[in-house]
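Report on the following structure.
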Amino acid sequence: MKYDYLIVGAGLFGAVFACEVRKRGKSCLVVEKRNHIAGNVYCEDIHGIQVHKYGAHIFHTSDKEIWEYVNQFAEFNHYVNAPIARYKDELYNLPFNMNTFSRMWGIATPKEAQDIIAGQIADLNISEPKNLEEQALSLAGRDVYEKLIKGYTEKQWGRECRDLPAFIIRRLPLRFTYDNNYFNDRFQGIPIGGYTRLVERLLEGVEVRLSTDYLEHRQELDGLADRVVYTGMIDRFYNYSLGVLEYRSVRFETEELEVENYQGNAVVNYTDKEVPYTRIIEHKHFEFGKQPTTVISREYSSEWKKGDEPYYPINDEKNNGLYERYRQLAKKEERIIFGGRLGGYRYYDMDKVIAEALKVCEKEL
Ligand code: FAD
Ligand code: UDP
């Protein structure tokens, strides 16, 4: 065998694994089906602006070890995510906090906000929220639900809030303080120079073959290494033999504009259902860019079909059940390790993917 490990996928999972393998004096080959490294955190330089090609990525974590780990490969700036929500002509701060409530109701104190929310849901008697609608109503009241949650969520998921699981909305903080930080984590920032450079550093000294789909060259590639680390879609690995795992996809409409500053913020969510896109990202603001032009991406959420780019796993009962059956198959594999967001059919933030890669590597080596 030519290598100790064949790593399928040059995203964060694959790159961290490769870096650790190399550090421990083992050899590996990384194969990547796209024509670039970095997976979904890939950034393309457009006139000095790092454009997040597969969706905006903000690094945030409460795990000090992971923060120190990534800081070996990049310097992070002091960006703090504080999106704006636009509902028709009204602008609100996100996540839901005292700035949002005071703009919505013309009030000033937490008590006033809490009383309004309690009054708006008093007659609903929700003790245990059964779906996203009940969860959102019980947390933030009817006005916030109607203006800032319902339209956005139904556009993003293509389903009624009543038919979505409650946990999706629990990802967002809700606070009765004047704090627009979208995350509660202790550490946050954007790697200066972009994520692609960070992944390049992880892959320093590692052999990478781009535009190579492992599943299309399996026989040849399997002969090159003892062990395989696979970070692609688990159902595709098994040729969809048990069925197809569903995703939501996203279409990005990206354009460069001859203005210096288009929307004054990196992220503006469009929360009413009349606007067809969910949000507009203005990439330069992630790095406090001063370039003369700007690049924006409108995000359209779309139904996913086989062959489309998979973005958000649909972790409902049906799909989780199917994934579990694939996982049972995967457990029986002796020389293949499944990892990452596609291998695990989970929405993992970057810090979790890195932590998982380090853990698996530790166990393996
Ligand atoms: P990927 O980045 O998908 O890498 C897998 C790689 O494997 C891909 O490059 C793929 O082309 C390759 N591959 C697949 N199959 C094969 C094959 N058969 N042969 C060869 N190569 C193959 N996380 C955050 O922490 N903060 C954020 O703000 C954030 N924003 C996000 C926004 C969106 C829209 C999405 C979808 C995710 C976001 N995430 C965010 C999550 C983040 O993208 C993931 O945690 C991370 O990219 C996962 O890395 P990965 O290596 O598991 O997967
Ligand atoms: N959400 C919302 N309004 C917003 C932003 C988010 O209702 O303006 C809800 C929506 O249901 C979304 C969930 O909160 O799916 C999680 O949002 P997050 O920003 O974490 O989504 P992501 O950035 O992963 O697309």
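Quick notes on this one:
- Applying the criteria of a DSSP loop state and at most 15 other Cβ atoms within 10 Å to the trypsin sites (Lys or Arg not before Pro) of the stretch 99-153 yields Lys130.
- The stretch 175-189 - phi-based ³J(HN,Hα) in whole Hz, Karplus 6.51/-1.76/1.60, Gly and Pro as x: 9, 9, 10, 7, 9, 8, 5, 5, 10, 8, 5, 6, 10, 7, x
- Among Leu215, Leu203, Leu148, the largest mean-square fluctuation in a Gaussian network model of the chain, built with springs joining Cα atoms closer than 10 Å, belongs to Leu215.
- On Cα atoms only, tilt of 12-23 relative to the major axis of the chain in degrees: 40 degrees
- Binning the alpha carbon pair distances of the stretch 215-365 at 5 angstrom intervals from zero yields the distribution 2, 8, 13, 15, 15, 14, 11, 9, 8, 4, 1, 0, expressed in whole percent.
- Measuring between alpha carbons in the structure, the pairs from Lys23/Lys352; Lys26/Lys64; Lys305/Lys331 lying more than 24 angstrom apart are Lys26/Lys64; Lys305/Lys331.
- Candidates per GluC sites (Glu not before Pro) in the stretch 94-152, loop by DSSP, up to 15 other Cβ within 10 Å: none
- Near Val51, the amide H atoms lying under 5 Å from its own belong to Glu44, Asp45, Ile46; only residues 5 or more places off or on other chains count, and H is placed 1.01 Å from N.
- Remark: for residue pairs Lys155/Lys359; Lys88/Lys111; Lys150/Lys318, the C-alpha separation exceeds 32 Å in Lys155/Lys359.
- Farthest toward positive dipole pole in the chain [+1 Lys/Arg, -1 Asp/Glu at C-beta], among Gln114, Asn320, His60: Asn320
- On a per residue basis, the convex hull of the C-alpha atoms belonging to the chain measures out at 148 Å³.
- Basic side chains Lys and Arg get +1 at the Cβ, acidic Asp and Glu get -1 at the Cβ, and with that the dipole of the stretch 247-329 about its Cα centre reaches some 440 debye.
- Taking the DSSP bridge list for the chain and keeping only pairs wholly inside it, about 60 percent are antiparallel.
- Whole-number percent relative contact order across the chain, with pairs defined as alpha carbons under 8 Å at least 6 apart: 27 percent
- Dipole magnitude for the stretch 87-171: about 280 debye, using +1 per Lys or Arg Cβ and -1 per Asp or Glu Cβ, origin at the Cα centre.
- Structure-based [θ]222 nm, the chain - -39500 (n - 2.57) summed over DSSP H runs of at least 4, per residue, nearest 500: -9000 deg cm²/dmol
- Long-range amide H partners of Phe59 with built H, under 5 Å: Gly189
- Sequence-separation-based contact order of the stretch 122-200, relative, with Cα cut under 8 Å and 6+ spacing, percent: 30 percent
- The stretch 124-172 versus the stretch 321-365: alpha-carbon centroid distance in Å: 30 Å
- Among the GluC sites (Glu not before Pro) in the stretch 313-364, those placed in a DSSP loop whose Cβ has at most 16 other Cβ atoms within 10 Å are Glu333, Glu334.
Laboratory data are not the source of any read-out in this text; all were calculated from the coordinates shown. Since this is a predicted model, take the numbers as computed values, not measurements. Cβ: placed from backbone, ideal geometry, glycine included. Neighbour counts: every protein chain shown.
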